Amino acid sequence: MAHRKPTIVLVHGAFAEGSGFTAIVNRLIAAGYPVVAAANPLRGLSSDAEQVKALLNSIEGPIVLVGHSYGGAVVSAAATGNPEVKALVYLAAFVPETGESVQELVEKFPGSTVGESLKPVPLPGGQVDLYIDPRVFHPHFAGDLPAEEAALFAITQRPATGAALGEPAAGPQAWHTIPNYNLISGADRIIPPAAQEFMAQRSGAKVQVVEGASHLVFVSHPGPTAAFIDRAASENT
């Protein structure tokens, strides 16, 4: 029987949605991988992780779990206790320790523009949805993409609640026990590269830096991103 490749599960972050993975999905499928792009609700860190965990439990065989940005915090919780998750891959992502929030980590090092980029939309019940203001989406979120392409991502972005970004990570984090890989975007204006490097070093990740890459590194550099995911899969399954 031929060796079965693991399923690659992709988890988008805040201010994004699954279609942003199109370029790397095409490459992974061409390489023979089954691929699933999870719908990340962006409502609360614990509840989002539970939803992704349920999706993982429905997949047969080994999994390589990939998270971008806030999605990194989600996969760190969702993979816990699942022996089929063989590797975690972080793409310009948050890698929290128990008790840390995304908001706390983004403020840990200077250089993030996220605070000045947010456009709040009040919700019934006192909660708030947060968007990246389309007027600054290109320079702050997707600076290495053509302006026209960045404008489309600004239009199709999905908001995260303020509660999700401020919720501390709860319970054990999967990167303590699962091999992890960290693709750092070298010109990121959302998660400063110094913050990404700090989290990658702390988690013992195998690291690759994409120089000049924006926060949407997987869109602007799909070839290196897909190759990095393939490396994680090849080394652990």
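Note on segment 155-194 and segment 208-237: Cα centroid distance 16 Å, given to the nearest whole angstrom. Using DSSP to call loops (not H, G, I, E or B), can you name the GluC sites (Glu not before Pro) in segment 1-85 whose Cβ has at most 10 other Cβ atoms within 10 angstrom? Hits after loop and neighbour filter: Glu60. Note: relative contact order over segment 1-123, using C-alpha pairs below 8 Å and six or more positions apart, is 24 percent. When the chain is treated as a Gaussian network with alpha carbon springs shorter than 10 Å, the biggest mean-square fluctuation among Pro122, Pro193, Pro172 belongs to Pro122.
In a fully extended conformation the segment linking Glu50 and His176 would gain 43.5 nm over its present Cα-Cα distance, using 0.36 nm per residue. Only one residue of Ala174, Asn26, Ala92 has its Cα farthest out toward the positive end of the dipole of the chain, where Lys and Arg carry +1 and Asp and Glu -1 on Cβ, and that residue is Asn26.
Surface composition of the chain: carbon and sulfur make up 58 percent of the accessible area, probe 1.4 Å. Is segment 113-237 rounded, prolate or oblate when judged by the Cα gyration tensor, a ≥ b ≥ c being the square roots of its eigenvalues, rounded requiring a/c under 1.5 and prolate requiring a/b larger than b/c? Because a/c hits 1.5 or more and a/b fails to exceed b/c, segment 113-237 counts as oblate. Summary value for segment 1-59: 37 percent relative contact order, contacts being C-alpha pairs under 8 angstrom separated by 6+ residues. If R0 is taken as 41 Å, the Cβ-Cβ distance between Ala39 and Val209 corresponds to a FRET efficiency of 0.90. In the chain, Cα pairs under 8 Å separated by at least six residues give a relative contact order of 25 percent.
A simple spin-label model places pseudo-atoms 7 Å from Cα toward Cβ; at Ile29 and Phe109 they are separated by 3.5 nm. Computed over neighbours whose Cβ is under 10 Å from that of Leu216, the net charge equals -3, Lys and Arg +1, Asp and Glu -1. Accessible area per residue for segment 65-181 is 41 Å², calculated with a 1.4 Å probe on protein heavy atoms, without ligands, DNA or RNA. Spin-label model, Glu149/Phe198: points 7 Å from Cα along the beta carbon direction are separated by 3.1 nm. Within the shell of other residues whose beta carbon sits under 14 angstrom from the beta carbon of Ala154, the net charge comes to -1, with Lys and Arg scored +1 and Asp and Glu -1. Label positions at Thr22 and His3, each projected 7 Å from the Cα along the C-beta direction, are separated by 3.2 nm.
Long hydrophobic helices in the chain, taken as whole DSSP H segments with a C-alpha length of 24 Å or more on their own axis and mean Kyte-Doolittle hydropathy at least 0.0, are absent.
Per residue, the chain reaches -11000 deg cm²/dmol at 222 nm when only DSSP H runs of four or more residues are counted, each adding -39500 (n - 2.57).
Residues considered: Ile29, Ile132, Ile184. Largest GNM mean-square fluctuation over the chain, using C-alpha springs under 10 Å, is found at Ile29.
The values are calculated or read from the model by the stated rules, or taken from the named source; none is laboratory data. As the structure is a computational prediction, the values presented were derived from the model and not from experiment. Note that we place each Cβ from the backbone using ideal geometry, even for glycine, and neighbour counts take in every protein chain shown. Quick note on the areas: whole protein, heavy atoms, side chains included, nothing else; ligands and nucleic acids left out. Shrake-Rupley method; radii C 1.70, N 1.55, O 1.52, S 1.80 Å.
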